Structure formats: structure tokens, C-alpha cells
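Structure, as C-alpha cells:
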């Protein structure tokens, strides 16, 4: 999954953490929700501004950081 157009880093937003499409929802937030047991459907219901592609981009970003 290409995440380069979805994951953004802005120094003044969320202390420079990688975020989803310039929103204040960070990659860490999304990964934390998944790690806590939330399903993709639950995350999308709680955060309607997110898309399935956003969640996959967060996973792809995290996978690349671990290499």
C-alpha cells in the first residue's frame, strides 16, 4: 500500500507526529486503536472522517518503520 499521499508530517501539528491526511489523527492513534482490539469497522464508525485506505496507510507506514 502506498501511503505517501496519506500520511503527512507537519512540525506544528501533533508535535510533528505522522498524521492521516493532515488531520489531527496520528498514525499512533490508529495503531493504538487496532492494538486495543478495535476492529476496522469500529474505528471507521467512531471516526467517520477516516477511510479504510487511511487505516491501511497507517499499517503500511508502521511496517516500513520497522525495517
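Restricting to the stretch 29-38, give me the number of residues that are assigned to a helix (DSSP H, G or I) and touching a helix residue (DSSP H, G or I) at 6+ places or on another chain (Cβ under 9 Å). Spell out the reasoning first.
Just the residues of the stretch 29-38 that are assigned to a helix (DSSP H, G or I), to begin with: 29-35.
The next check asks that each one be touching a helix residue (DSSP H, G or I) at 6+ places or on another chain (Cβ under 9 Å); those that pass are 29-31, 33-34.
Number satisfying all stated conditions: 5.
Just the residues that are surrounded by 13 or more Cβ atoms within 10 Å (Cβ to Cβ) and part of a loop (DSSP other than H, G, I, E, B), please, taken from the stretch 11-26. Give the derivation first.
Initial filter on the stretch 11-26 (surrounded by 13 or more Cβ atoms within 10 Å (Cβ to Cβ)): 13-14, 17-21, 23, 25-26.
Hits for the stretch 11-26 are 13, 17, 21, 23, 25.
What number of residues within the stretch 1-10 satisfy the criterion of being surrounded by 19 or more Cβ atoms within 10 Å (Cβ to Cβ) and assigned to a loop (DSSP other than H, G, I, E, B)?
First pass over the stretch 1-10, keeping only residues surrounded by 19 or more Cβ atoms within 10 Å (Cβ to Cβ): 3, 6-7.
If we keep only those that are assigned to a loop (DSSP other than H, G, I, E, B) as well, we get 3, 6.
Qualifying residue count, the stretch 1-10: 2.
Starting from residues that are out of contact with any helix residue (DSSP H, G or I) (no Cβ under 8 Å at 6 or more places or on another chain), modelled with pLDDT of 95 or more and part of a loop (DSSP other than H, G, I, E, B), keep the ones in the stretch 39-67 and report whichever is surrounded by the fewest Cβ atoms within 10 Å (Cβ to Cβ).
So the residue we want is 48.
State which residue is nearest to the chain's Cα centre (by Cα) when the search covers only the stretch 35-67 and only residues that are in contact (Cβ under 8 Å) with a residue 24 or more places away in the chain and over 16 Å from residue 2 (Cβ atoms).
Only one residue tops the list, namely 50.
The values are calculated or read from the model by the stated rules, or taken from the named source; none is laboratory data. Because the structure is predicted, anything quoted here is derived from the model rather than measured. Here the Cβ is made from the backbone with ideal geometry for all residues, glycine too, and neighbour counts use every protein chain on show.
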